[in-house]
Amino acid sequence: MNPLDATFLHVEDGTTHMHIASCAIFEGPPPPYEELVRLFESKLPLVPRYRQRVRFVPFDLGRPVWVDDPHFTITYHLRHTALPSPGSEADLKNLMARLMSQELDRNRPLWETWVVEGLDGDSWALISKIHHCMVDGVAGADLMAVVLDKDRTPDPTPIDDWRPEPEPSDLDLMRQALVDLVRSPSEQWRLLRSAARAPQRVLDVVRGFRSYGELLVPAPATTLSGPIGPHRRWTYARVTLDDIGVIRRAFGGTVNDVVQSVIAGGFRELVLSRGEDPDEVIMRSLVPVSVRDEEAMGERDNRVSALFLELPIEVADPLDRLAEIRARMERLKGSHETEAGKALTAFAAATPADVAAPLLRLGTRVMQRFPQRGSNTVTTNVPGPRVRLFAAGREMLDYLPFVPLAQGVRVGVAILSYHGRLAFGVTGDFDAAPDIDVLANAIEEQVGALRKLAEAEAAEG
C-alpha cells in the first residue's frame, strides 16, 4: 500500500469516514438481483482488489498490505434494498446519507454496492461505496466504467478460476517489513541525490511549501467550520456540460474555473441564508489535483496532490466572481503547491511506517479536539465516463458523487461528469449542515444565470 493509501486508513476514526461513493440511477424496470450478482461476478477478474482485504503489520513495522480474502462472498458486498414505493428523490438522498454514515468493515474487502429498487418513475439505483485507500476519485470513476458495460448487450461472461493466495502470517508480514525498513535509509538517500540533480524542481517545491505556509493562518470562525459528528446529509445539483461550455466560450477560462465559480456563488447564498456576512467569511477550499500519468492510468491507488483555493464568496456579481476565480487559479498554478504535495508524498514513502502511523493517529486525535482551520471545504472535480454505461441492459441515466468530510469541514462538494452531464454531490454534517439544499439549488441557479448572460453576449456579438 502506498503512503497516501495508508494515510486514508490511519486517519479514519469513527467520525471521519474515509470512503468515497456514488449513486448511479438507471432506467427501469430493475433487473433481478441474481442477474446483477452475475454481472459483478463476471467483472471481478478485472478488479482484483475487490477480493482483497487489509492486513495491518504488527507493531506498525510496515504499511498495511493487501491480501486475498479466503472467505470472499459476493452477496455480502452486493446488497439489495428498496424504498417504500414510490420512492421520492428525498427518500433516495436520505438512504444515501444513512449508508455513508456507516464505516466499512475492515475485516473484509473495503467496498459495498447497494441495489436500490422502488424509485419513482420506474427507475432504480446502484449506490457504490469504496474506501479511499483503494482508489482516488479518478480511479473510482474509471472503476465504474470497468464494472459496468459499454453496450446494452453485455459481452459473454469470462471463465473465472480465481483461487485465493495463501494468507501471510504475522511473522511473514514482520519479516518483509523489516526488510523494507533496511531499505528506507537508502530510499531517503536516493531522494536527496535526485533533488541535488534537479535544483529547479527543489526551488519549485520550496515555493509550494511557502504557499502552504499561508494555511497556518486560521480562517475566521464560521458556522461552516468546526467539529463534525459521524452522521451525514447528502444532496445534489445537476447541469449539462453544454451549459458549462456555453459559459466558458463566452467568458473564457476552463471548465473547472466555471465549476468553482458557481460553487462559490452557492456558498455565498448558503452563508447569506445563515445570517453571516460573506465579506467576513473566508471559504478556503482544498482542491485535489490528480498527478496520475499515463503509465499509472491502469492503477487503482491514490495519485493526488492538492491546491488550496479561496472561493470569492464576497463577490456578488457572477461575472466578476468568474473573473476572480480565473485570476486566483492562475496564481495557484504558479504557486507550485502541486509539486509540494507530491514532495510530501515522496517523503512519506521514505518514512518508516513505525514512525508515520503513530504520528498520523496522533494528528487525528489532536484535530478531534482542535479542528483545523486551514481549509473549511473541499471541492473535487473528477472527469467521469464520456460514453453511456449499462447494467444488465439498463442505461445509466445519472451518476451522482459523494465526497467524505474531514475534521473542521462541515460541507464538501464533489463534481462528476458523465456523458454530457455534470453532477455536484454535496455532503454535509448531519447536525451542523441541515441546509445543504440551499447550496445545491444555488449552484443550479448560478449556472442558469451565467448561461443567460452568455447567450445574451453571443446575441449582441
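Taking a ≥ b ≥ c as the square roots of the Cα gyration tensor eigenvalues, the range 1-55 comes out oblate, since a/c reaches at least 1.5 and a/b does not exceed b/c. Taking 0.36 nm per residue of separation and subtracting the current Cα-Cα distance, fully stretching the chain between T223 and V67 would add 51.9 nm.
Does the range 1-126 classify as rounded, prolate or oblate by the C-alpha gyration tensor (a ≥ b ≥ c root eigenvalues; a/c under 1.5 gives rounded; else a/b over b/c gives prolate, otherwise oblate)? In terms of gyration-tensor shape, oblate. Modelled label positions at D431 and M174, each set 7 Å beyond Cα in the direction of Cβ, lie 4.1 nm from each other.
Under 5 Å between amide hydrogens, built in the peptide plane, is the criterion, and for R232 it picks out S101, F430 among residues at least 5 positions away or on other chains. Counting only protein heavy atoms and using a 1.4 Å probe, what share of the accessible area of the range 382-428 belongs to carbon plus sulfur, as a whole percent? Here it works out to 51 percent. Taking each residue as 0.36 nm, the span from A145 to D105 lengthens on full extension beyond its C-alpha to C-alpha distance by 11.9 nm.
Note on D160/Y76: beta-carbon distance plugged into 1/(1 + (r/R0)^6) with R0 of 30 Å gives a FRET efficiency of 0.95. With protein chains left intact and a 1.4 Å probe, residues in the range 24-148 average 38 Å² of accessible area per residue. Scanning residues 5 or more positions from H80 or on other chains, those with amide H under 5 Å from its amide H are V115, with H placed 1.01 Å from N in the peptide plane. At an R0 of 22 angstrom, the distance between the Cβ atoms of E460 and D317 translates into a FRET efficiency of 0.80. Taking Lys and Arg as +1 and Asp and Glu as -1, the other residues whose beta-carbon sits under 14 Å from that of E395 total 0.
Counted residue by residue at 0.36 nm each, then reduced by the alpha carbon distance between them, the extension gain from E41 to T254 reaches 72.7 nm.
The values are calculated or read from the model by the stated rules, or taken from the named source; none is laboratory data. In this text the structure is predicted, and so the values were computed from the model without any measurement. Counting neighbours? That spans all protein chains shown, and the Cβs are built from the backbone with ideal geometry, glycine included. With ligands, DNA and RNA removed, areas are computed over all heavy atoms of the protein, side chains included. Shrake-Rupley method; radii C 1.70, N 1.55, O 1.52, S 1.80 Å.
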